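Please read the structure below before turning to the comments.
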Amino acid sequence: MNELPKAFSNIARIKILSCLSGKKKNVTDLINNCGLSQSAVSQHLKKLKDLGMIDCSVNGKERVYRLKNGEAGNIAKKIINLIKNNK
């Protein structure tokens, strides 16, 4: 079964996918840009990695995350805009 719907079933994961759109980021960047706590970011990064949506590379002591498919970031941005426009 395709795991893709699980990636978009949580607003925190959608925010992370949107934040990763077009640019690699570390956890600190994601915390600052997505408005999520460190524990929430870590939890959802693990889920997104398990779902095969993101990759992680190690740069010294820093872990850097990127989307495996840029279209996921575009979809996440559209969902966020849709939510904002329907308030």
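Pairs spanning more than 27 Å between alpha-carbon atoms, out of LYS6/LYS68; LYS46/LYS87; LYS25/LYS47: LYS46/LYS87. P(r) tail, the range 42-87: Cα-Cα pairs separated by more than 16 Å, 51% of all pairs. Given that compact globular proteins tend to follow 2.2 N^0.38 Å, what is the ratio of the alpha-carbon Rg of the range 1-85 to that value? My calculation over the Cα atoms of the range 1-85 gives 1.00. In whole angstrom, how far apart do the alpha carbon centroids of the range 51-87 and the range 2-29 sit? Spelled out, the Cα-based centre of one part sits 3 Å from the other.
Computed about the Cα centre, the dipole magnitude for the chain is approximately 160 debye when only Lys and Arg (+1) and Asp and Glu (-1) carry charge, each at its Cβ.
Taking each residue as 0.36 nm, the span from LYS78 to LYS23 lengthens on full extension beyond its C-alpha to C-alpha distance by 18.1 nm.
Helix check for the chain. Which DSSP H runs span at least 15 Å along their own axis by Cα, with a mean Kyte-Doolittle hydropathy no less than 1.0?
Working: long enough: 38-50 (18 Å, -1.03); 70-85 (23 Å, -0.07).
None clear 15 Å together with a mean of 1.0.
The numbers here are math on the coordinates, done by the rules we state, and not lab data. The model shown is predicted, which means the values in this text are computed figures rather than measured ones. Here the Cβ is made from the backbone with ideal geometry for all residues, glycine too, and neighbour counts use every protein chain on show.
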